[in-house]
Amino acid sequence: MISDDAVIMMLIFLASLGVICGIIAGYFHYFYEPPEEGTLQERRNNPKLNSNNWDLSMERLNTNGESMYQGEMLYLGKRGGIYTITANGNRNYKY
């Protein structure tokens, strides 16, 4: 049978492991997310500038048919699908 002290120590260990993993994930997200380019107004007018804002990206897709979102160029298909273009020129539908 496992003692109460062992269970408490295991819970403390798992909680601290979760906190450490959260800190590491936040670090990678902060430092490795592609930076936004230009001002908000410039990003609204130019769909080729990178944006990390999904709503702005959807707005640009609907008005221009293309938008750079988190470092990836998205295109709007004829029937409303959103796709990227692969290295060999194929369409890769995302949404």
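None of the figures in this text is laboratory data; all of them are computed from the coordinates on show. Owing to the predicted nature of the structure, the values given are computational and were not obtained by experimental measurement.
Things to note:
- Label corresponding to log10 I(q)/I(0) by the Debye sum over Cα atoms at q = 0.10, 0.18 Å⁻¹ when calculated from the structure given, among (i) -0.42, -0.88; (ii) -0.34, -0.88; (iii) -0.46, -0.85: (iii)
- Karplus (6.51, -1.76, 1.60) ³J(HN,Hα), θ = phi - 60°, over segment 84-94, in Hz, Gly and Pro reported as x: 10, 10, 6, 4, 9, x, 7, 8, 10, 6, 9
- Amide H contacts under 5 Å for Asn46, placed H, 5+ residues apart: none
- Highest mobility in the GNM of the chain, judged by mean-square fluctuation with C-alpha springs under 10 Å and restricted to Tyr27, Tyr83, Tyr75, is found for Tyr27.
- Karplus-derived HN-Hα couplings along segment 76-83 (A = 6.51, B = -1.76, C = 1.60, θ = phi - 60°), whole Hz, x at Gly and Pro: 9, x, 4, 9, x, x, 10, 9
- Among Thr39, Thr84, Thr63, residue whose mean-square fluctuation peaks in a GNM of the chain (springs only between Cα atoms under 10 Å): Thr39
- Residues considered: Ser16, Ser57, Ser67. Largest GNM mean-square fluctuation over the chain, using C-alpha springs under 10 Å, is found at Ser16.
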